Amino acid sequence: MEILPFFTEYLGPRILGGIQFESTRYAMGTLVTFFVLWIVLHRFIETRKIRKPTPRAKQIQMELKHSFKTVCVFVAMDIFIFEAADLGIFQKYDDFADYGMLWFWVSIPLLIILHDAYFYWTHRAMHTAKLYKRTHMQHHRSHNPTPFTAYNFAAAEAVIEYMYVPIALMLIPTHNLALYIVLSIMIFKNALAHSGYEVFPRTWARLPVLGWLTTVTHHDMHHERGTGNFGFYFTWWDRWMGTEHPNYLQRLDEQEARAKAIKAARRAAKKRPQMVPAE
Ligand SMILES: [Zn+2]
Ligand SMILES: [Zn+2]
């Protein structure tokens with residue numbers, strides 16, 4: 001095998017393709033979330049901040065350093081995925097006609113529901129004494145998360161997080177667009193879960209169907225306590241397995257009451273007649 005053509009014609013384009021894909025996905029999720037919530041809206045959503053104080057710049061530096069390593073791991077794994085796709089071991093397809101539009105729309109929530117189960121069980125496994133230090137401890141160095149905590153992984157955890165994609169592609173016929181949609185939802189959900197702001201209506205958590213969706217507070221409590229609330233998209237697994245924090249709903253109620261009290265105090269201050277200085 002000649003080294004130069006192997007690199008220029010085979011490996012090079014795959015590395016570039018991987019870098020382009022992974023860095024766009026990362027920027028799309030974490031930078032956009034950071035920019036919108038922490039820079040543009042932070043004054044307006046002050047009462048939605050889950051915990052104070054706001055993490056220091058030093059923490060964000062540490063998270064960015066490890067996020068860069070995570071993107072590198074993902075790019076390296078993308079190369080194997082391209083190779084495996086060429087060998088035809090995945091059920092990825094391009095033509096909607098292959099499985100029909102109904103399957104296209106069913107496959108998206110199915111991939112998300114299965115990812116939630118994969119995430120819950122691998123997450124719980126990484127919290128066991130045997131695996132914690134080598135896999136998940138780095139992620140928990142962000143005690144009070146920021147959107148950049150999303151990719152703050154040790155290399156071993158990055159591999160575990162990534163493995164859902166090839167496993168799912170081997171088992172489930174997936175249109176390229178469906179995969180792209182699921183990966184986009186995944187990174188946005190990840191960045192939001194670590195954003196430190198409760199962006200969802202807090203009352204949802206007590207409603208029958210909307211209560212199945214995890215709020216930002218759900219994962220924030222996981223970082224605060226270092227255990228419990230292991231789920232990603234849904235509250236199902238934590239409720240079935242008894243790992244949901246017992247005061248999760250109460251915590252949301254407290255936030256809601258605090259936000260209402262602050263708003264009421266501000267309204268009252270505005271209505272109070274201004275003191276006119278004596279001439
Ligand atoms: Zn954890
Ligand atoms: Zn986390």
For this session: Collect the residues in the range 205-261 that are small (Gly, Ala, Ser), free of Cβ contacts under 8 Å to residues at least 40 places away in the same chain and more than 27 Å from Met137 (Cα to Cα), keeping them in residue-number order.
Result: Gly211, Ala257, Ala261
Exercise. Which condition does Thr203 not pass, out of (1) out of contact with any Leu (no Cβ under 6 Å at 6 or more places or on another chain); (2) within 16 Å of ligand 1 (Cβ to nearest atom); (3) over 12 Å from Arg124 (Cα atoms), if it passes all the others?
Worked result: (2)
Exercise. For the range 102-120, does any single residue satisfy the condition of being touching a residue at least 40 places away in the same chain (Cβ under 8 Å), within 14 Å of ligand 1 (Cβ to nearest atom) and crowded, with 17+ Cβ neighbours inside 10 Å?
Worked result: yes
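Answer yes or no as to whether Ala191 is among the hydrophobic types (A, V, I, L, M, F, W, C), within 12 Å of ligand 2 (Cβ to nearest atom) and either buried (at least 22 other Cβ atoms within 10 Å of the Cβ) or at pLDDT 95 or above (or both). I'd like the intermediate steps shown before the answer.
Values: among the hydrophobic types (A, V, I, L, M, F, W, C): yes; within 12 Å of ligand 2 (Cβ to nearest atom): yes; either buried (at least 22 other Cβ atoms within 10 Å of the Cβ) or at pLDDT 95 or above (or both): yes.
Taking the combined requirement at face value, the residue satisfies it.
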Exercise. Of (1) within 30 Å of Asp94 (Cβ to Cβ); (2) out of contact with any helix residue (DSSP H, G or I) (no Cβ under 6 Å at 6 or more places or on another chain), Asn190 satisfies all except one. Which?
Worked result: (2)
For this session: Could you please give the count of residues in the range 171-188 that are more than 16 Å from ligand 2 (Cβ to nearest atom), within 21 Å of Gln20 (Cα to Cα) and in a helix (DSSP H, G or I)?
Result: 10
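Hey, can you tell me all the residues within the range 16-32 that are loosely packed, with under 15 Cβ neighbours inside 10 Å and either modelled with pLDDT under 85 or not polar (S, T, N, Q) (or both)? If you could, list the steps in order and put the result at the bottom.
Of the range 16-32, the ones loosely packed, with under 15 Cβ neighbours inside 10 Å are 16-17, 20, 23-24, 27, 31-32.
Within the range 16-32, Leu16, Gly17, Ala27, Leu31, Val32 qualify.
Specify which of the listed residues (Phe35, Phe80) is within 20 Å of the chain's Cα centre (by Cα), in a helix (DSSP H, G or I) and exposed (fewer than 15 other Cβ atoms within 10 Å of the Cβ). Steps first, answer last, please.
Details: Phe80 fails: within 20 Å of the chain's Cα centre (by Cα).
The unique qualifying residue is Phe35.
Quick one: in the range 217-247, of everything that is closer than 21 Å to Ile45 by Cβ and out of contact with any Pro (no Cβ under 7 Å at 6 or more places or on another chain), which residue is farthest from ligand 2 (Cβ to nearest atom)?
Initial filter on the range 217-247 (closer than 21 Å to Ile45 by Cβ): 217-221, 223-224.
Now restrict to residues that are out of contact with any Pro (no Cβ under 7 Å at 6 or more places or on another chain): 217-219, 221, 224.
Numbers: Thr217: 13, His218: 11, His219: 6, Met221: 11, Glu224: 11 Å.
The qualifying residue farthest from ligand 2 (Cβ to nearest atom) is Thr217.
Considering each residue of the range 125-151, count those that are surrounded by fewer than 16 Cβ atoms within 10 Å (Cβ to Cβ) and assigned to a helix (DSSP H, G or I), and give that number. Talk me through it step by step, then tell me what you get.
So in the range 125-151, the residues surrounded by fewer than 16 Cβ atoms within 10 Å (Cβ to Cβ) come out as 125, 128-130, 132-134, 137, 141, 143.
Subsequent filtering for residues that are assigned to a helix (DSSP H, G or I) retains 125, 129-130, 132-134, 141.
Qualifying residue count for the region: 7.
Might you check whether a residue that is in a helix (DSSP H, G or I) and in contact with a helix residue (DSSP H, G or I) (Cβ under 6 Å, 6 or more places away or on another chain) occurs anywhere in the range 47-55?
yes
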Exercise. Conditions: (1) buried (at least 18 other Cβ atoms within 10 Å of the Cβ); (2) within 14 Å of the chain's Cα centre (by Cα). Ser184 meets all but one. Number of the miss?
Worked result: (1)
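Ile172 - would you say it is modelled with pLDDT of 95 or more, of a type outside the set (Gly, Ala, Ser), more than 28 Å from Phe35 (Cα to Cα) and in contact with a Leu (Cβ under 7 Å, 6 or more places away or on another chain)? Before the answer, list the steps.
Numbers: modelled with pLDDT of 95 or more: yes; of a type outside the set (Gly, Ala, Ser): yes; more than 28 Å from Phe35 (Cα to Cα): yes; in contact with a Leu (Cβ under 7 Å, 6 or more places away or on another chain): yes.
Yes: the conditions hold for Ile172.
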Problem set entry | Selection within the range 207-227 - within 11 Å of ligand 1 (Cβ to nearest atom), surrounded by fewer than 18 Cβ atoms within 10 Å (Cβ to Cβ) and either of a type outside the set (D, E, K, R) or in a strand (DSSP E or B) (or both) | Gly226, Thr227
Seminar exercise, completed: Only unsatisfied item for Glu83, checking (1) at pLDDT below 95; (2) among the acidic types (Asp, Glu); (3) under 16 Å from His222 (Cβ atoms), is (3)
Problem set entry | Candidates His219, His194, filtered to the one that is closer than 18 Å to Thr146 by Cα and out of contact with any Ser or Thr (no Cβ under 7 Å at 6 or more places or on another chain) | His219
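The values are calculated or read from the model by the stated rules, or taken from the named source; none is laboratory data. All values derive from a computational prediction rather than experimental measurement. Positions of Cβ are generated from backbone atoms using ideal geometry, with glycine treated the same way; all protein chains shown enter the neighbour counts.
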